[in-house]
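Everything on this sheet refers to the single structure shown next.
Derivation of every value follows stated rules applied to the coordinates shown; laboratory data play no part. Just so we're clear, the structure is a prediction, and the values are computed from it rather than from any experiment. Note: ideal-geometry Cβ built from the backbone for every residue, glycine included; neighbour counts use all protein chains shown.
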Amino acid sequence: MEVPPCALVYEAMGHAHVAGDAEAASQFFSNDVVLLMPNAEPVVGKSAAREALEEWYRNAKIRAVSFDVKEITTAASGEWAFDIARYQIDYDAAHGTRTIEQGYHLVVWRREQAGSWMIARDVATIATCEVLPCANSCE
């Protein structure tokens, strides 16, 4: 059974995050996407997700993002799939710190009528978060 191109999508999203390109990062979201991120209210809809990314980019300079997909499961219907991945984000915050965050996410993919896989739901949790002073480490 066909699975979503998780690794390719996450690589493209990582590049978009580093570039601060909310349009490119949000192109993989369904129109009714729901993002459940740590310490934040739910973000509902593709345009709201794009706005949330723009806000994040205004407050942080993303240095690097990586994903390691641990598991992909496709429903018997072929219309839905789920992946669990470990992520790491390294960024400079606007308030003068560098943060290296690691965690996991569960992403629900939906196959759209055109046949492409889109992210319908994304739930993330932080496992570790290292905050460093920016002296000599932030650009």
If each Cα of the range 6-133 is one equal point scatterer, what is log10 of I(q)/I(0) from the Debye formula at q = 0.16, 0.20 Å⁻¹? -0.79, -1.25
Considering the alpha-carbon set of the range 70-139 alone, what are its Rg and its Dmax in angstrom? 16.9, 53
Would you mind working out the magnitude of the charge dipole of the chain relative to its Cα centre, with +1 at each Lys and Arg C-beta and -1 at each Asp and Glu C-beta, to the nearest 20 Debye? 80
Taking just the alpha carbons, could you work out the radius of gyration and Dmax for the range 34-108, both in angstroms? 14.6, 48
